[in-house]
1. Cross-link list Lys104/Lys163; Lys102/Lys163; Lys104/Lys173; Lys302/Lys379: which exceed 22 angstrom alpha carbon to alpha carbon?
2. Treating the beta-carbon of each Lys and Arg as +1 and of each Asp and Glu as -1, no other charges, what is the dipole magnitude of the chain about its Cα centre, to the nearest 20 debye?
3. State the percentage of accessible surface on the chain attributable to carbon and sulfur atoms; use a 1.4 Å probe and exclude ligands, DNA and RNA.
4. Quick check on the stretch 284-361: take the gyration tensor over C-alpha atoms, sort the square-rooted eigenvalues as a ≥ b ≥ c, and tell me if it's rounded (a/c under 1.5), prolate or oblate.
5. Between the stretch 359-380 and the stretch 265-337, how many Å separate their Cα centres?
6. According to the square roots a ≥ b ≥ c of the eigenvalues of the Cα gyration tensor, what is the shape class of the stretch 239-341, taking rounded for a/c under 1.5, prolate for a/b larger than b/c otherwise, and oblate for the remainder?
Amino acid sequence: SIPSVAIWQLENAAPVSLLKSPADCTVFHFNMHQPHLIAGGCRNGSVVLWDLSITKLQEVNSNQDDMPPMIQPVLMCYPGHGPNGIVADLCWLPPQSQINAKGKIIDGCHLTEISHQFLTVSGDGQIIFWDVRFKEILEGKLPFIAKVKKQVFEYDDDFPYIKWMPLYKIKPKQSFGRRNISFCKAFIPLASEPQNLFHATELLCASEESDLISITWSPKSSSQEDASGENMMKDIPPQHYVQWTRKDHSRPCLSLEQSPFFPHLVLSVCDWNFHLWEIGETVGKTPIFTSPSTSSFITGGKWSPTRPAVIFITKADGAMDIWDFITEGCYTPHSTIQLVANKITSIALKQNTEMSQLAMIGDSSGALNLFEVPLLFAKPVPNEYR
């Protein structure tokens, strides 16, 4: 079968379209400001962009009339220029953090309320930045992003796409031992408060070595660059990208998420338990909370989008633990709900109506399951945010 990503609408019982992928897709995310754009990373290191608004790139599955249309990628990274291995995670950059080809935040006059860039992290230690306007950059229409000396639109018979190249890339290293970092999860911390808790170029990552790492992709190193800023990437030692490192779990992280209500709180999930970290200008050496071990292997975790004190933990036995730190305390989950018969592989939460919240559960059989979250865990408790 052709590797693909299925696109669903909640009112339909079948996918409305399929996104054709060069290999099994390990991670994909919608653009938060342009939801017709979807960026994905694959098991073979390919990075792909799909555009749902371009209908001419849809092709009908001629062999199976009941199959939804297949949407071709609009951009695909050229082999050898992306990650060397599995794309572990992908993050769209916030509109205020758009960068140029030197990794610097572009001038405010060029910033808008729309994000055009994202980054990928992988086990080979690379953090690679991509711009969806690659064709416009090649045409010289965006000189504030990159200045192109020559327009080149090359196509190969076995690669019928524009050769999408990275905008910027770094390969941080730990200060101790100068070893490479194998990334497994990442997110760009956002501050909703007036005070800026995080730098605009900060990235929080989890490594396969079980570390929690803060990285800046544009560290201050003025003494290392000339007046024009040229050769900045060559001058910055890879250790300077790492701001701090904390030992997290004993195994690689499975989920790493910032609280949607408290920017300084981070959820880190591993095989048998989860941690809560408090981050900001200073970071403790240990998490502020460590959950007891579960009876079944954990597969992921999610903050509630409506209740600051609620966390959902999915497990390999098909059950989901719901932690409510307001009503139940810190020693045991409030409830454990058996959802499916197979291993839960993914979870997403969506507020359907003011009084209804949906949990979308993917399992190891490839099925998508929809459940309504009990009102107790969806409706905010008075003064809970305080």
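The values are calculated or read from the model by the stated rules, or taken from the named source; none is laboratory data. Given the structure is predicted, the values throughout are model-derived calculations rather than measurements. Note: ideal-geometry Cβ built from the backbone for every residue, glycine included; neighbour counts use all protein chains shown. The accessibility values were calculated without ligands, DNA or RNA, using every heavy atom of the protein model including side chains. Shrake-Rupley method; radii C 1.70, N 1.55, O 1.52, S 1.80 Å.
1. Result: Lys104/Lys163 exceed 22 Å.
2. 860 debye
3. Values: 9680 of 18840 Å².
That share works out to 51 percent.
4. oblate
5. Value for the Cα centre distance between the two parts: 17 Å.
6. Values: a/c = 2.08, a/b = 1.51, b/c = 1.38.
The shape class here is prolate.
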